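Everything below concerns the one structure shown next.
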Amino acid sequence: MYKTNAYAAQSETSPLAATTIPRREPTDRDVQIDILFCGICHSDLHSVRNEWKSIVPTVYPIVPGHEIVGRVAKVGSAVTRHKVGDLVGVGCLVDSDHTCPNCKDHLENLCPNQVLTFGSPDRHKTAPVTYGGYSGSVVVDEHFVLRVPTNLDLPGVAPLLCAGITTYSPLRRWGVTKGKRVGVMGLGGLGHMGVKFAHAFGAHTTVFTTSAGKAEDARRLGADEVIVSKDAGAMQQAAGTFDFLLDTIAADHDINAFLNLLKHDGTLCLVGAPQKPISVAAFTLLMGRRNLCGSNIGGIAETQEMLDFCGANNITADVEVIPMQQVNEAYDRIVKSDVKYRFAIDMASLKVQ
Ligand code: NAP
Ligand code: ZN
């Protein structure tokens, strides 16, 4: 075992603060990574503040972070896919059972025995639970380590590991291509990646935002249209015109107002995970034979496909790079939807604790 600097929260009301955490020595199959940047996902914040306590109560201390890019520092003797010095990424998953039908289908994201990058019981017993990317170093089974294209801006790559794959996967699965009318609900970390991908896939893309001030950015990111969702008249005018809607909203909202925007047989896919259950009016669904579904990150092979697509098309997240010491202020700004459009923590700042 060795120690690395990290930031952890000790309870749902305490801020993140400097600490040191143990990491295992790499086993034969492991890759040890020096972390360069880690994105801040709203899921980190939901977990730190125990907002999902009714479904997945947080175990403290928590070290969040699942948008990791770094450089390989060491590899185990059986590792074949990565070598020392390579640029790599780690997303929300660090292990699964490798044997269930979903894993066999390359859907580790749906494995019932998946191990999350932070907050899952640690199979290696290095600590009670896994510790995430707000840290200097991490050790991960090579299957869950992704190759990062070398032509991209590194801080902007980190958010691809969660916000990127979480939006890429459903847009691909539900056939978002040229000729489709697609709406992205919420222009935050996930939403702005959804806009970039929907645009890159050739779809006519509309952003639904509560922040009128983001309209210009939305167009720059690739939106053809912007609708302020608080404008009931504009929402009514758009009724029945969308093939697919991607809901990235992190807080309570009236989903019926959005379901009403779908054409018949259209689909609204939830990726946002608000604290409280969503209330759906049956008639909104059945009168249009509409579909409501959800999607959870993506499998490892598809995450690699997404990273390669980003490399080929020069796509990264728009990031505000911050030192680790500003993480608590960053959380408060995320709650106010005041981030353009993802924070990325520069891990060089962790060396001075
Ligand atoms: P984020 O950066 O905070 O973006 C969320 C956006 O939602 C905000 O920028 C805002 O956009 C909109 N919003 C916030 N409060 C709202 C309200 N009261 N009513 C309507 N819109 C509101 O968060 P994120 O990191 O993109 O994550 C979004 C959600 O996805 C979180 O719940 C997160 O836990 C979840 N998530 C799910 C997965 C998955 O696998 N399914 C993966 C990662 C994250 P506007 O300012 O444009 O209105
Ligand atoms: Zn995330």
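The values are calculated or read from the model by the stated rules, or taken from the named source; none is laboratory data. These figures come from a predicted structure and were not determined experimentally. With ideal geometry, Cβ positions are generated from the backbone for all residues, glycine too; neighbour counts draw on all protein chains shown. In case anyone asks, the SASA skips ligands and DNA or RNA and just uses the protein heavy atoms, side chains included. Shrake-Rupley method; radii C 1.70, N 1.55, O 1.52, S 1.80 Å.
Tabulated data
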| item | result |
| --- | --- |
| Cα pair count fraction exceeding 13 Å, expressed as % - region 281-353 | 78 percent |
| Estimated translational D of region 2-134 in µm²/s (Stokes, Kirkwood radius over Cα pairs; 10 °C; 1.306 mPa s) | 102 µm²/s |
| Accessible area per residue in Å² at 1.4 Å probe, computed on region 1-132 | 45 Å² |
| Over region 1-148, relative contact order from alpha-carbon pairs under 8 Å, at least 6 apart, % | 30 percent |
| Contact order relative to length of the chain, as percent, for alpha carbon pairs under 8 angstrom and 6 or more apart | 19 percent |
| Difference of contour (0.36 nm per residue) and Cα-Cα distance, GLU320 to ARG71 | 87.5 nm |
| Surface share of carbon and sulfur [accessible, 1.4 angstrom probe, percent] for region 216-264 | 48 percent |
| Descending Cα extents along the principal axes, region 63-112, whole Å | 34, 28, 16 |
| Between helix 189-200 and the chain: long-axis angle, C-alpha atoms, 0 to 90°, nearest 10 | 70 degrees |
| C-alpha long axis of helix 163-173 to longest principal axis of the chain, angle in ° | 50 degrees |
| Per residue accessible area in Å² of region 218-339, where ligands, DNA and RNA are left out and the probe is 1.4 Å | 48 Å² |
| Using alpha-carbon coordinates, inclination of helix 300-313 to the longest axis of the chain, degrees | 70 degrees |
| Euclidean distance of C-alpha centroids, region 104-133 and region 259-285, integer Å | 29 Å |
| Paramagnetic label zone (point 7 Å from Cα along Cα-to-C-beta, LYS336; backbone N under 17 Å) in region 214-230 | 214 |
| Estimated [θ] at 222 nm from DSSP helical runs (n ≥ 4, -39500 (n - 2.57)) normalised by residues in the chain, nearest 500 | -6000 deg cm²/dmol |
| Under Karplus coefficients 6.51, -1.76 and 1.60, residue-wise ³J(HN,Hα) of region 316-330 in Hz, glycine/proline x | 9, 7, 7, 10, 10, 7, 10, x, 3, 5, 9, 5, 5, 5, 4 |
| Compactness relative to 2.2 N^0.38 Å, alpha carbon Rg of region 230-353 | 1.36 |
| Cα centre as origin, Lys/Arg/Asp/Glu Cβ charges: the chain dipole, Debye | 220 debye |
| Label-to-label distance, nm, for residues given as HIS98 and LYS83 (7 Å Cα→Cβ offset) | 2.3 nm |
| 3J(HN,Hα) from dihedral phi, region 83-88, Karplus parametrisation 6.51/-1.76/1.60, rounded to Hz, x for glycine, proline | 9, 4, x, 5, 7, 9 |
| Mean-position separation - Cα centroids, region 146-181 and region 301-353, in angstrom | 14 Å |
| Normalised per residue, the volume of the convex hull around the Cα set of the chain (Å³) | 128 Å³ |
| Fraction of the pair-distance distribution of region 114-229 above 25 Å, Cα-Cα pairs, percent | 38 percent |
| Long-range amide H partners of ASP346 with built H, under 5 Å | ILE322, MET324 |
